[in-house]
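**Student:** Can you read through this structure? Questions will come right after.
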Amino acid sequence: AHRGTGRHQGAVQAIMERIASFNVDHVRLLPGLYVSRRDSFRDAVVTTFDIRMKKPNAGDYLTTTEAHTIEHLGATFLRNDPRTSESTVYFGPMGCRTGFYAVFFGDLESDDVSDIITEMFEFIASYQGTIPGQSEMECGNYRDLSMDGTRERAREYLEVLRSLDETTTVYPA
């Protein structure tokens with residue numbers, strides 16, 4: 001057994017900085033498309049986008065199946081679209097099941113990606129056929145993929161994307 005866990009945990013907590021996303025006012029945060037952060041390494045800049053589909057802490061969340069299915073379809077879309085195939089670093093769900101993070105190379109704003117994110121959700125909302133990666137060989141939880149509910153969640157978020165303004169693209173102060 002490991003001894004001294006509490007002591008080490010306290011020391012780690014004392015030196016760890018609070019991550020930026022915990023400083024966002026989740027009480028006032030609305031569904032939208034936000035720049036979450038920008039990071040630089042050597043000559044590269046990457047921009048992380050907060051694709052917020054659900055109001056935080058409102059009791060209405062994506063199911064794990066919906067989030068998993070959107071992840072498979074969204075990542076497939078972004079990595080196959082010629083506009084984003086080389087600039088996509090990552091697309092995946094938030095643990096709280098209220099949305100996704102998309103990370104792209106470049107110093108970008110929400111306006112720079114709103115069209116491609118809208119097209120991605122149109123693709124998801126109308127998707128027919130076998131979900132990409134839906135096999136035991138390709139996915140660690142391939143049974144947890146289904147279009148049931150997923151198209152409706154995509155359609156709901158399309159309404160948000162079609163009416164973006166400052167309240168849905170700039171984090172509340």
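The values are calculated or read from the model by the stated rules, or taken from the named source; none is laboratory data. Predicted model only: the values in this text are computed from it and were never measured. All Cβ positions, glycine included, derive from the backbone under ideal geometry; neighbour counts span all protein chains shown. We work out accessible area using only protein heavy atoms, side chains counted, and drop any ligands, DNA or RNA first. Shrake-Rupley method; radii C 1.70, N 1.55, O 1.52, S 1.80 Å.
**Student:** Which of the numbered conditions does residue 67 fail, given that it passes all the others? Conditions: (1) in contact with a Pro (Cβ under 8 Å, 6 or more places away or on another chain); (2) surrounded by fewer than 18 Cβ atoms within 10 Å (Cβ to Cβ); (3) of a type in the set (Gly, Ala, Ser).
**Tutor:** Exception for residue 67: condition (2).
**Student:** Right, here's the next one. Across region 14-51, what is the total count of residues that are free of Cβ contacts under 8 Å to residues at least 40 places away in the same chain, of a type outside the set (Ser, Thr, Tyr), open to solvent by less than 90 Å² (accessible area, probe 1.4 Å) and farther than 17 Å from residue 105 by Cβ?
**Tutor:** 4
**Student:** Here is a list of conditions, (1) in contact (Cβ under 8 Å) with a residue 24 or more places away in the chain; (2) hydroxyl-bearing (Ser, Thr, Tyr); (3) over 16 Å from residue 150 (Cβ atoms), and residue 85 meets all of them except one; can you say which number that is?
**Tutor:** Among (1) in contact (Cβ under 8 Å) with a residue 24 or more places away in the chain; (2) hydroxyl-bearing (Ser, Thr, Tyr); (3) over 16 Å from residue 150 (Cβ atoms), residue 85 violates only (1).
**Student:** Next question, about the same structure. In the list 160, 170, 103, which residue meets the criterion of being within 16 Å of residue 34 (Cβ to Cβ) and in a helix (DSSP H, G or I)?
**Tutor:** Selected residue: 160, the only one of 160, 170, 103 that is within 16 Å of residue 34 (Cβ to Cβ) and in a helix (DSSP H, G or I).
**Student:** Quick one: residue 17 ticks every box in (1) of a type outside the set (Val, Ile, Thr); (2) more than 18 Å from the chain's Cα centre (by Cα); (3) modelled with pLDDT of 95 or more except a single one, so which number is it?
**Tutor:** (3)
**Student:** Anything in region 83-100 that is closer than 26 Å to residue 55 by Cα and among the basic types (Lys, Arg)? List them, or say none.
**Tutor:** Scanning region 83-100 gives a single hit, 97.
**Student:** Also, I was wondering about something else. Are any residues in region 52-64 touching a residue at least 12 places away in the same chain (Cβ under 8 Å) and open to solvent by 30 Å² or more (accessible area, probe 1.4 Å), and if so, which ones?
**Tutor:** If the condition is that a residue be touching a residue at least 12 places away in the same chain (Cβ under 8 Å) and open to solvent by 30 Å² or more (accessible area, probe 1.4 Å), then 55, 57, 61, 63, 64 are the ones that fit.
**Student:** Out of curiosity, is residue 98 open to solvent by less than 10 Å² (accessible area, probe 1.4 Å) and farther than 23 Å from residue 142 by Cβ?
**Tutor:** So residue 98 passes the test.
Results for (1) among the hydroxyl-bearing types (Ser, Thr, Tyr); (2) assigned to a loop (DSSP other than H, G, I, E, B); (3) loosely packed, with under 12 Cβ neighbours inside 10 Å, shown as yes or no for each residue.
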{"residue": "108", "(1), (2), (3)": "no, yes, no"}
{"residue": "113", "(1), (2), (3)": "no, no, no"}
{"residue": "123", "(1), (2), (3)": "no, no, no"}
{"residue": "129", "(1), (2), (3)": "no, yes, yes"}
{"residue": "134", "(1), (2), (3)": "no, yes, no"}
{"residue": "137", "(1), (2), (3)": "no, yes, yes"}
{"residue": "140", "(1), (2), (3)": "no, yes, yes"}
{"residue": "145", "(1), (2), (3)": "no, yes, no"}
{"residue": "155", "(1), (2), (3)": "no, no, no"}
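**Student:** Taking only pairs six or more apart or across chains, which ones have beta-carbon atoms under 8 Å, a first residue in region 153-169 that is more than 17 Å from residue 29 (Cα to Cα), and a second residue that is small (Gly, Ala, Ser)?
**Tutor:** Short answer, once both residue conditions are applied: 154/125; 155/125; 158/125.
**Student:** When region 104-133 is examined, which residues are found to be more than 15 Å from residue 158 (Cβ to Cβ) and of a type in the set (Phe, Trp, Tyr)?
**Tutor:** Answer for region 104-133, where residues must be more than 15 Å from residue 158 (Cβ to Cβ) and of a type in the set (Phe, Trp, Tyr): 104, 105.
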